[in-house]
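The values are calculated or read from the model by the stated rules, or taken from the named source; none is laboratory data. Everything quoted here is computed from the prediction, not taken from an experiment. Cβ coordinates were reconstructed from backbone atoms using ideal geometry, including for glycine residues, and neighbour counts include every protein chain displayed. We work out accessible area using only protein heavy atoms, side chains counted, and drop any ligands, DNA or RNA first. Shrake-Rupley method; radii C 1.70, N 1.55, O 1.52, S 1.80 Å.
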Amino acid sequence: MTIYYDSKTGNVERFIEKVRLLTKWSFVKIHDGIAVTELGHLITFTTQIGKAPLSTLKFMEQWHPYIVSVSASGNMNWGNNFALAANTISQEYKIPILLKFELAGLDRDVNSFIQKVTDYANKEMDTPQQ
């Protein structure tokens, strides 16, 4: 399993580190010049009280065919704009939102993310190939 992620303040990176301790998945930080060759899940942050970061949007412009779900970090103080980056990306690229979590996420968020990614992988394995 590959997880692509974008982090600015370190919240998403801290979330990734918690997931890394519990899985054997691959984690790839989004950066200029990245080359994507495997399907994976995206985790990003929300910026400017509800916007998807430009770095994530640029990544998705090129690599969206490889992304099967999106999750986002946000701040609950932003009310309806909480983790809205996930909604923006989900709507633009027609991919499901897997999880929204606050800041670096709690243990229950980490466990939920791992379970949802695992369930997705198991569902894909059960789907007959055409």
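Would you pick out the residues in segment 11-28 that are surrounded by 13 or more Cβ atoms within 10 Å (Cβ to Cβ) and not aromatic (Phe, Trp, Tyr)? Scanning segment 11-28 gives ASN11, VAL12, GLU13, ARG14, ILE16, GLU17, LYS18, VAL19, ARG20, THR23, VAL28. Taking first residues from segment 39-61 that are closer than 21 Å to TRP25 by Cα and free of Cβ contacts under 8 Å to residues at least 60 places away in the same chain and partners that are part of a helix (DSSP H, G or I) and among the aromatic types (Phe, Trp, Tyr), the Cβ contacts under 6 Å between residues at least 6 apart in sequence or on separate chains come to LEU39/TYR66.
Contact map, segment 78-103: residues that are closer than 16 Å to THR47 by Cβ paired with residues that are open to solvent by 30 Å² or more (accessible area, probe 1.4 Å), Cβ distance under 6 Å, separation 6+ or inter-chain. Pairs shown: TRP78/ILE49; ASN81/ILE49; PHE82/MET76; ALA83/LYS100; ALA86/ILE97; ALA86/LYS100; GLU102/MET76; LEU103/ASN11. Among the residues of segment 79-106, what is the count of those that are open to solvent by less than 70 Å² (accessible area, probe 1.4 Å) and assigned to a helix (DSSP H, G or I)? Number satisfying all stated conditions: 10. Strands (runs of 3 or more DSSP E) fully within segment 1-69 that include at least 3 residues being farther than 19 Å from LEU98 by Cβ: none found.
Considering only segment 1-26, how many residues are of a type outside the set (Asp, Glu) and under 11 Å from the mean Cα position of the chain (by Cα)?
8
Evaluation of PHE45 against the conditions (1) over 19 Å from VAL117 (Cβ atoms); (2) surrounded by 14 or more Cβ atoms within 10 Å (Cβ to Cβ); (3) not β-branched (Val, Ile, Thr) shows that the sole unmet condition is (1). Applying the criterion of being of a type in the set (Gly, Ala, Ser) and in contact with a helix residue (DSSP H, G or I) (Cβ under 7 Å, 6 or more places away or on another chain) to the residues of segment 1-42, the residue that is farthest from ASN111 (Cα to Cα) is SER7.
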